[in-house]
Amino acid sequence: MSVTELSNVEIKARYTTLYNFQMLGPCVATIRQKDVFFNCSRGRLKLRTEHYIETGKVSTKLIFYVRPDEQGPHLSEILISEMAETPGLAEVLTAACGIFTTINKTRRLYMIGRTRVHLDEVEGKGKFLELEVVLRQGEQVSSGREEAESIMKTLGLSSADLVTGSYADMK
């Protein structure tokens, strides 16, 4: 089991229509995800199970992240541990932390350069677009923000479309 450390600049927005949807190009993957969020005193901790529709691959990741709950492009610091199988892990985490909530979604993944574009249909919450501009080691957050804002503009998203927090926080 290895741990991956990432920093990225993210935005999350509700959408009904994307005006320049064609700029996304072909869908890289369609993924059904189940995120179990655990109570956590700092940041967010979730156990994610992913089922890749096109290939049938299933993966499990334990993800911890810290980011501000604000609209617009913001920095997220993430630790990810991908595991082949996790028998009993959910039960141990539930006993230790308790479950905050569970989120089920279907995610279509697109790439615009280094930016991951997620079109999410979140069960009981609606349709969302997420941009994740993956920062290079030592890169300034401002360049990631500029890239996210440029893509938002091209897609026809405005600040009125932006939402704060995690899907887990939405009522």
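Points to keep in mind about this one:
- Helical content of the chain, expressed as a calculated mean residue ellipticity at 222 nm, amounts to -4500 deg cm²/dmol (DSSP H runs of 4 or more residues, -39,500 (n - 2.57) each, divided by residue number, nearest 500).
- Long-range amide H partners of residue 86 with built H, under 5 Å: none
- Annotation: region 81-171 has a Kirkwood hydrodynamic radius of 15.9 angstrom, from the mean reciprocal C-alpha pair distance.
- GNM top mover of 109, 131, 89 - the chain, alpha-carbon springs below 10 Å: 89
- Cα centroid separation, region 46-90 to region 132-171 (Å): 18 Å
- Lysine pairs within the chain, Cα separation less than 17 Å, 8 or more sequence positions apart or different chains: 20
- The chain: most fluctuating residue of 130, 82, 50 per GNM, C-alpha cutoff 10 Å: 82
- Backbone geometry of region 130-145 corresponds, through the Karplus equation with coefficients 6.51, -1.76 and 1.60 at θ = phi - 60°, to 3J(HN,Hα) couplings of 10, 10, 10, 8, 6, 7, 7, 3, x, 5, 6, 4, 4, 5, x, 4 Hz, x marking Gly and Pro.
- Dipole in debye (nearest 20) - the chain, about Cα centre, beta carbon charges: Lys, Arg +1; Asp, Glu -1: 280 debye
- Förster-model FRET efficiency, 25 Å R0, residue 142 and residue 42, C-beta, rounded to 0.05: 0.50
- In sequence order, calculated HN-Hα J values of region 61-68 (Karplus, 6.51, -1.76, 1.60; Hz; x Gly/Pro): 9, 9, 10, 10, 8, 10, 7, x
- Over region 2-169, the hull volume per residue, using the convex hull of the C-alpha atoms, is 121 Å³.
Rule-based calculations on the coordinates, nothing more; no lab input. The structure presented is a predicted model; accordingly, all values stated were derived computationally and were not measured. FYI the Cβ positions are ideal-geometry reconstructions off the backbone, even for glycines, and counts take in every protein chain you see.
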